[in-house]
Amino acid sequence: MIDLHVHTTASDGTLSPTALVGLAAQKGVTALAITDHDTLEGVEEGIAAGAVKGVEVIAGVEMSARWKRGIFHILGYFIRTDCPALVAALERLKRAREERTHKILANLRDLEVHVSPEEVNAQASGGVTGRPHIARVLALKRYVSTMQEAFDRYLRSGRPAYVEKKKLEPVEILNLISEAGGLPVIAHPHTLVEDGLTALEVIIQDLLPHGLQGLEVYYPKHTPEQTERFLEYARRYDLVVTGGTDFHGANKPEVELGVIPGRAPISPVLVEKLKERHARLAGPGPAAATTDQPRGALP
Ligand code: AMP
Ligand code: ZN
Ligand code: FE
Ligand code: FE
């Protein structure tokens, strides 16, 4: 069993990378990609824990792309976490998230709902902040009885405290992930098909020349028909097939690590295919030779 889409306390999951890897080992998950929103801060700890527990941990990220209608997330796999361009972009996104949190809290204040940035940061345990952390504080302070109610009354799009998140253009995200040596993959494509399936196919066609490499076909919310259709797109456009649960710990209690309801466990073969694609893109050739050079060896 594997899981190529999980969140830790570095973003809005509730398990630390170490705890997550422990859970994976316990459940028989042999490979895990840590794909936090807009941050790589959970990756190093996860890889170290994976080495101890015998779980293969893949360095990943999940970034939010601008799109006219709703949610467009892009995953990156086998990211070099020291890539300066990506690190700088993620740093800017982190600052933008902090500013957004302040705006949401100001909106809540106008509604006589009082939450401090410190209370939100305490929930984020040092990671990047997001609406789930605010929702949790609202529930803890009894302004609402569940996190879901916090979204429905205040935080979701169209509700009074909502503030849009800073997003990058899809092509910008593909370039950043590719520059960091990673493989860009469209996350949970069901969010791109509201309009019938054509929207997704157009997006794929637009992004292929910009280095799109894969499609997250297996995902808890995908219907059997959607899964079949996404598999077909992957074949048609030579995209690598991935799968993951979007595990968030207690912030998404209905999701179980490694489990796509109604389907067989996600096959480790997908990781092998992902690695093959990664190796094929990295070399052999002049590009691979360049990256093998020790830093500072060039004049
Ligand atoms: P953010 O990155 O701050 O916009 O928060 C996004 C996260 O909030 C998602 O990953 C979901 O876990 C959660 N979320 C977003 N919209 C809703 C909603 N309508 N109801 C419950 N949770 C939501
Ligand atoms: Zn999340
Ligand atoms: Fe997502
Ligand atoms: Fe996610």
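The values are calculated or read from the model by the stated rules, or taken from the named source; none is laboratory data. Here the structure is a predicted model, which is why all the values come from computation and not from measurement. With ligands, DNA and RNA removed, areas are computed over all heavy atoms of the protein, side chains included. Shrake-Rupley method; radii C 1.70, N 1.55, O 1.52, S 1.80 Å.
Things to note:
- When the C-alpha to C-alpha distance is required to be over 25 Å, the pairs from 53/166; 27/273; 68/275; 103/167 that qualify are 53/166; 68/275.
- Structure-based [θ]222 nm, the chain - -39500 (n - 2.57) summed over DSSP H runs of at least 4, per residue, nearest 500: -13000 deg cm²/dmol
- Rounded to 5, the percent of DSSP beta bridges in the chain classed as antiparallel: 35 percent
- Helix axis angle, 170-179 relative to the chain longest principal axis, alpha carbon, degrees: 50 degrees
- Eigenvalues of the alpha-carbon gyration tensor of the chain, scaled by 5 and square-rooted, set the equivalent ellipsoid semi-axes at 31, 22, 21 angstrom, largest first.
- Taken per residue, the accessible surface of the chain reaches 47 Å², heavy atoms only and a 1.4 Å probe.
- Of the solvent-accessible surface of the chain, computed with a 1.4 Å probe over protein heavy atoms with every protein chain present, carbon and sulfur atoms account for 53 percent.
- Of all DSSP beta bridges confined to the stretch 1-77, the antiparallel ones make up roughly 40%.
- Coupling constants for the stretch 211-225 follow from the phi torsions by the Karplus curve (6.51 cos²θ - 1.76 cosθ + 1.60, θ = phi - 60°), and in residue order they are x, 4, 10, x, 9, 7, 6, 9, 7, x, 8, 6, 6, x, 5 Hz; glycine and proline get x.
- Straightening the chain between residue 201 and residue 27 buys 59.1 nm, computed as 0.36 nm per residue apart minus the Cα-Cα spacing.
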